[in-house]
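The structure appears right after this line, and notes come after that.
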Amino acid sequence: MPDRREFIEVSIKSLTGLLLPFPTQLNSNFNTMTKRKVYDVIIVGGSYSGLSSAMALGRALMRVLVIDTGLPCNRTTPHSHNFLTQDGNTPQNISKIGREQLNSYPTVEFMNDKAIKATKTVHGFEIELESGEKILGVKLVFATGIRDILPEIDGFKACWGKSVLHCPFCHGYEVKGQNTGILANGQAAFELAMLISNWTEKLTVYTNGQSTISSEHKKRLSARSIDIVETPISKLEHQEGYIKSIELEGGESIPIEVIYSKVPFEQHCTIPSELGCSINADGYIQIDESHETNIPGVYACGDNVTRMRTVSNAVSMGTATGISISKKIISERF
Ligand SMILES: Cc1cc2nc3c(=O)[nH]c(=O)nc-3n(C[C@H](O)[C@H](O)[C@H](O)COP(=O)(O)OP(=O)(O)OC[C@H]3O[C@@H](n4cnc5c(N)ncnc54)[C@H](O)[C@@H]3O)c2cc1C
């Protein structure tokens, strides 16, 4: 039995096209066999990239469902930077403004839930949610981001995004000139130290175990008075996420104000790879210039496809994906 809204929409549909507000969606509103609602596009992930994709699709009169678990990767950082018009705003506020602006598009709906499975169907895809609900969509967008894998160092997680940072372009300006540690090893440690030397001269590299930095790189670091500390770290002493000192095994405590660290990551959502989407050697979902993966009808945007990890880039990619899918659907229905 359809619910009241579905019943009204089915009735309207049967009235041979009278008073139909969104003509482009009518083919996809309902699966006529099962009477189940079919979205033009289901977006999994409702942070910056997903919301921006939803805006482009909503403005193209596409019927969209955004499914989100509300766990963006930057949620621990107090302020987001380097996004014109939003510099210094909180990550939560930026999303809130996006959600509010999307409320003016009646074709865009939201669901707080977790997508756990996707299956190919005759007309598109079925997404299964943690709540048990199953939703149909013609196209899928994964704007699911990545999940940082934080090292098991006492205090690291509490400081992540506040005083243990991933990117100087996002947060370097606020901590310029401060007493800074680079927590990395090998080539990555050298490259990160070289980069961060733009923002501060007070630099020390912590390899947290035996150094694998090449002798050539050691010489270059030493020439800039950048010391390398190999003693394993036992703890980051901090106050509400703001680091005060690094405690080494053996008990030595070194005062410090900020750490940069390159941590490994994994895809936040495994559904794209379960569907057969190719993942490249760096761990990102592979897409073409229209943001489509190798599985027709499945698209991806944001952090899950690129190492250019910024809010502005996630927004830009979301817009491009929404426009690309809209054009595809419009041409398929013409
Ligand atoms: C600590 C930190 C600080 C940062 N600071 C800045 C900064 O100052 N400036 C800047 O420009 N960039 C910053 N970034 C980078 C920026 O946060 C990312 O580039 C941006 O969040 C990427 O947006 P996204 O939409 O691709 O992914 P995310 O923002 O990570 O969002 C992914 C969304 O998908 C949802 N999701 C995942 N799987 C599922 C599923 N199965 N079902 C439903 N929902 C799902 C998640 O809950 C989440 O809401 C920072 C990153 C980090 C880690």
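Residue count for segment 311-334 satisfying the condition of being among the polar types (S, T, N, Q) and either without any contact (Cβ under 8 Å) to a residue 60 or more places away in the chain or surrounded by 19 or more Cβ atoms within 10 Å (Cβ to Cβ) (or both): 5. Residue check: K235 meets all listed conditions (1) outside any strand (DSSP E or B); (2) of a type outside the set (V, I, T); (3) surrounded by fewer than 20 Cβ atoms within 10 Å (Cβ to Cβ) but one, namely (1). Name the single residue, out of those in segment 244-293 being of a type in the set (D, E) and buried (at least 16 other Cβ atoms within 10 Å of the Cβ), that is nearest to N179 (Cα to Cα). Among those residues, the one meeting the criterion is E257.
Across segment 241-262, a minimum of one residue is classified as among the charged types (D, E, K, R) and in contact (Cβ under 8 Å) with a residue 40 or more places away in the chain.
Residue pairs whose Cβ atoms lie under 7 Å apart, separated by 6 or more positions or on different chains, with the first residue in segment 194-207 and at positive phi and of a type in the set (S, T, N, Q) and the second modelled with pLDDT under 95 and crowded, with 18+ Cβ neighbours inside 10 Å, do not occur. When segment 134-160 is filtered for residues that are in a strand (DSSP E or B) and more than 19 Å from the chain's Cα centre (by Cα), the ones remaining, listed by number, are K134, I135, L136, G137, V138, K139, D154.
Restricting attention to segment 164-178, the residues that are touching a Lys or Arg at 6+ places or on another chain (Cβ under 9 Å) and more than 11 Å from the ligand (Cβ to nearest atom) total 2.
A Cβ distance below 6 Å, combined with a sequence gap of six or more or placement on separate chains, defines the contacts here; from segment 118-134, residues that are β-branched (V, I, T) reach residues that are away from the ligand (no atom under 12 Å from the Cβ) in the pairs T119/E126. The conditions of being of a type in the set (D, E, K, R), part of a strand (DSSP E or B) and surrounded by 12 or more Cβ atoms within 10 Å (Cβ to Cβ) are not met by K218. If you scan segment 81-93, which residues turn out to be within 14 Å of the chain's Cα centre (by Cα) and either surrounded by 16 or more Cβ atoms within 10 Å (Cβ to Cβ) or within 18 Å of A158 (Cβ to Cβ) (or both)? The answer is P91, and nothing else.
Under the condition of being assigned to a strand (DSSP E or B) and out of contact with any Asp or Glu (no Cβ under 9 Å at 6 or more places or on another chain), which residue from segment 99-120 is farthest from the ligand (Cβ to nearest atom)?
In this case the residue turns out to be V108.
In the set L71, L84, only one residue is more than 6 Å from the ligand (Cβ to nearest atom) and in a loop (DSSP other than H, G, I, E, B); that residue is L84. For segment 238-334, please list each of the strands (runs of 3 or more DSSP E) lying entirely inside it that holds at least 2 residues being on the phi < 0 side of the Ramachandran plot and within 11 Å of the ligand (Cβ to nearest atom). It comes to 265-267.
The values are calculated or read from the model by the stated rules, or taken from the named source; none is laboratory data. The structure displayed is predicted, hence computed values, not measured ones. Note: ideal-geometry Cβ built from the backbone for every residue, glycine included; neighbour counts use all protein chains shown.
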